[in-house]
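Novice: Below you will find the structure I want to go over with you.
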Amino acid sequence: MRRLFTLAFALVTSITPPAHADGWVDVDASFIDYNNLTHAQNAEDRRPDRALALNLSGGHYIAFSGRDGISLTLDTRAEVYRRYSGLDFLSVGGTATYKRKFGLGANVPWILASVSVAHDEYRANLRDSDRLRIGSEFGRRFSESFDGAIGVALDRRYGKSDIADLPGYSGRVFDLQGQSAHARVGYAPSERLLLTALLAVRRGDVESTAQQNYPILLASDAIADDPAFRDPNLYAYRLPATTYSGTLSASWALSDRSSINFSYVDSRARAGYDLAYNDRALTLSIAHRYP
Amino acid sequence: MKIDSMIAVRSTPWRTHPLKATLMVATSVLIMTTRVPAAEITATVTDDHGKPVAHAVVIAMPVDGNVRLPTNPPREIVDQIQQEFTPKVKAIVVGTPVIFPNKDNIRHHVYSFSPAKRFEVPLYSGVPAQPVVFDKAGVVVLGCNIHDWMVGYVYVSESPYFGKTGEDGTVVIGDLPPRAYALRVWHPQSEVAEETTKKTVDLAKVKQAEVAWTLTLKPEIKVRRAPVAGHGGLY
Ligand SMILES: [Cu+2]
């Protein structure tokens with residue numbers, strides 16, 4: 001993990017652009033409060049915790065014309081948990097985003113397509129994985145203070161761990177895939193404040209950690225021992241579900257380069273056999289862009 | 001302070017033939033000694049809280065409508081520095097060519113679709129080869145198609161007598177022929193239309209006049225430039 005961190009740091013700093021070049025480095029530090037890290041249905045299985053996260057991302061923009069171009073970013077993220085250190089992780093990845101504006105001006109429609117890849121390394125190996133996300137968004141700005149977008153995405157997580165505990169069940173609980181659609185609106189009531197609301201629906205595999213019970217056994221197709229919560233009764237399950245999530249966020253610009261941000265994410269997953277779980281995350285972060 | 005463009009034009013032919021130049025100097029001296037001394041206007045713009053308003057353009061239009069526009073106004077500059085138009089507001093007389101040098105190490109794509117001037121300087125770095133000639137009076141809003149937060153203004157005046165307030169909210173418009181003028185003020189965030197700010201001064205009677213406006217300014221809402229957490233580096 002330390003080697004991965006050194007590599008990530010070297011990668012990001014190596015693309016640190018000279019002043020005023022069309023490149024940038026984004027750093028954001030967050031404090032996150034999770035209420036249900038196990039994604040569990042039953043109260044006794046739910047595990048809340050708090051985490052500190054650090055994002056470091058270096059990007060470069062290549063304009064093909066005044067209307068389209070591609071952003072390439074190298075992204076690293078580290079998260080450290082207060083109680084469940086098995087969930088500590090470091091993620092290193094990259095994103096390529098092509099964006100095209102249909103015309104001239106701030107208020108014309110645009111479309112983007114993006115591909116992200118990442119490798120996640122956890123302190124407890126069960127969650128180690130490679131991730132791929134392909135997404136597209138269509139949006140437009142309606143005024144200086146109003147904008148909106150709709151989008152779709154395919155996500156694929158290639159879980160590394162495959163230790164089967166139960167005959168007939170796979171051990172790849174973090175080998176997941178899904179498709180999602182979302183809509184987002186942004187409103188800036190003042191020069192400094194930006195409010196954003198996002199609604200998303202995702203269909204696909206989810207992971208839920210819980211004590212063994214009959215419905216989850218019926219709904220799941222993969223099961224593994226989950227050591228991250230230091231509870232021998234907890235197992236990780238993979239099951240198909242539909243997840244509805246809503247995000248509300250507020251971003252206060254401290255300058256043209258930095259902001260303080262607050263977000264609230266509420267997710268509700270619904271699966272077969274009356275299985276369901278709700279979780280929410282509150283995040284407070286400071287973001288800064290160089291140069 | 002904005003120097004009377006007509007004087008700048010008058011000075012150009014001095015670089016021509018020595019005999020012609022001498023003749024012109026003699027004529028100018030004659031004009032200067034015979035004409036009535038020029039007058040000036042000191043204009044002050046403050047906001048509702050009494051704070052000085054910078055970047056306000058004050059225009060003095062002779063009431064008789066009789067203006068002689070410069071035939072070949074000198075080229076003006078609007079730079080792009082650290083992904084902003086500098087200056088944010090540029091006041092020019094109609095017919096002025098403006099060049100948009102890009103002082104950043106990245107490319108910009110400057111445009112406007114204001115009725116007074118539609119133009120596009122496609123994706124470029126350095127100094128564009130051709131200036132843009134602003135041949136119609138009015139307000140031209142500038143944008144960059146790469147950086148949506150970039151906003152600038154070119155105020156194209158139909159009168160050669162104008163100026164832009166400094167940080168102290170004051171501008172002195174000098175070298176005005178002694179006549180009656182209708183004065184107006186324009187600011188990008190002004191709540192009221194420029195036409196409603198009209199004031200008249202008669203410089204045939206006084207050599208110096210002081211004019212003051214109080215403008216109610218709308219908050220400046222620009223497309224946001226500051227980063228948002230978790231939106232790592234998307235334009
Ligand atoms: Cu630009």
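Novice: Take the residues of segment A:267-277 that are buried (at least 17 other Cβ atoms within 10 Å of the Cβ) and in contact (Cβ under 8 Å) with a residue 40 or more places away in the chain: which is nearest to the other protein chains (Cβ to nearest Cβ)?
Specialist: Checked segment A:267-277; the qualifying residue nearest to the other protein chains (Cβ to nearest Cβ) is A:Ala269.
Novice: Quick one: which residue in A:Tyr264, A:Tyr244 is in a strand (DSSP E or B), away from chain B (no Cβ under 14 Å) and hydroxyl-bearing (Ser, Thr, Tyr)? Walk me through it before giving the result.
Specialist: Values: A:Tyr264 fails: away from chain B (no Cβ under 14 Å).
Just one listed residue meets the conditions, A:Tyr244.
Novice: More than 30 Å from A:Ile70 (Cα to Cα) and either crowded, with 18+ Cβ neighbours inside 10 Å or within 14 Å of chain A (Cβ to nearest Cβ) (or both): which single residue out of B:Asp79, B:Asp47, B:Asp64, B:Asp104 fits that description?
Specialist: Selected residue: B:Asp47, the only one of B:Asp79, B:Asp47, B:Asp64, B:Asp104 that is more than 30 Å from A:Ile70 (Cα to Cα) and either crowded, with 18+ Cβ neighbours inside 10 Å or within 14 Å of chain A (Cβ to nearest Cβ) (or both).
Novice: Further question on the same structure: All but one of (1) farther than 30 Å from B:Ala204 by Cα; (2) hydroxyl-bearing (Ser, Thr, Tyr); (3) away from the ligand (no atom under 16 Å from the Cβ) hold for B:Thr71; which doesn't?
Specialist: Here B:Thr71 meets the rest and fails (1).
Novice: A further question follows. Looking at A:Asp75, A:Asp120, which is the one that is buried (at least 18 other Cβ atoms within 10 Å of the Cβ), of a type in the set (Asp, Glu) and free of Cβ contacts under 8 Å to residues at least 40 places away in the same chain?
Specialist: When all the criteria are applied, what remains is A:Asp120.
Novice: Tell me which of these A:Ile286 doesn't satisfy, since it passes every other one: (1) free of Cβ contacts under 8 Å to residues at least 12 places away in the same chain; (2) within 25 Å of A:Arg77 (Cβ to Cβ).
Specialist: A:Ile286 satisfies all of (1) free of Cβ contacts under 8 Å to residues at least 12 places away in the same chain; (2) within 25 Å of A:Arg77 (Cβ to Cβ) except (1).
Novice: State the number of residues belonging to segment A:186-215 that are out of contact with any His (no Cβ under 8 Å at 6 or more places or on another chain) and away from chain B (no Cβ under 14 Å).
Specialist: Of the residues in segment A:186-215, the ones out of contact with any His (no Cβ under 8 Å at 6 or more places or on another chain) are A:186-197, A:202-205, A:210-215.
Right, trim to away from chain B (no Cβ under 14 Å) and you get A:202-205, A:210-215.
The total comes to 10.
Novice: What pairs come out if I take residues in segment B:136-152 that are more than 8 Å from chain A (Cβ to nearest Cβ) and pair them with residues that are within 11 Å of the ligand (Cβ to nearest atom) and of a type in the set (Ser, Thr, Tyr) whose C-beta lies under 6 Å away, six or more apart or interchain?
Specialist: Listed by first residue and then by second, the contacts come to nothing, as the list is empty.
Novice: I've got another one for you. Any idea which residue in segment B:83-95 is farthest from the ligand (Cβ to nearest atom), counting only those that are assigned to a strand (DSSP E or B) and closer than 21 Å to A:Asp256 by Cβ?
Specialist: Filtering segment B:83-95 for residues assigned to a strand (DSSP E or B) gives B:84-86, B:89-93.
The next check asks that each one be closer than 21 Å to A:Asp256 by Cβ; those that pass are B:84-86, B:89.
Working: B:Glu84: 9, B:Phe85: 9, B:Thr86: 12, B:Val89: 18 Å.
Taking the candidates together, the pick is B:Val89.
Novice: Ok, one more. Need at least 3 residues that are within 14 Å of the ligand (Cβ to nearest atom) per element, so show me which strands (runs of 3 or more DSSP E) inside segment B:96-164 make the cut, counting only ones lying wholly within it.
Specialist: Answer list for segment B:96-164: B:108-114, B:117-124, B:138-144.
Novice: Another one. Can you confirm whether A:Thr38 is among the hydroxyl-bearing types (Ser, Thr, Tyr), more than 7 Å from chain B (Cβ to nearest Cβ) and assigned to a loop (DSSP other than H, G, I, E, B)?
Specialist: yes
Novice: Still on this structure: Which condition breaks for A:Trp252 when tested against (1) closer than 30 Å to A:Asn107 by Cα; (2) free of Cβ contacts under 8 Å to residues at least 60 places away in the same chain; (3) not charged (D, E, K, R)?
Specialist: (2)
Every read-out reported here was derived from the displayed coordinates using simple, explicitly stated rules and does not represent laboratory data. Keep in mind it's a predicted model, so treat the numbers as computed, not measured. All Cβ positions, even for glycine, are placed from backbone atoms using ideal geometry, and neighbour counts span all protein chains on display.
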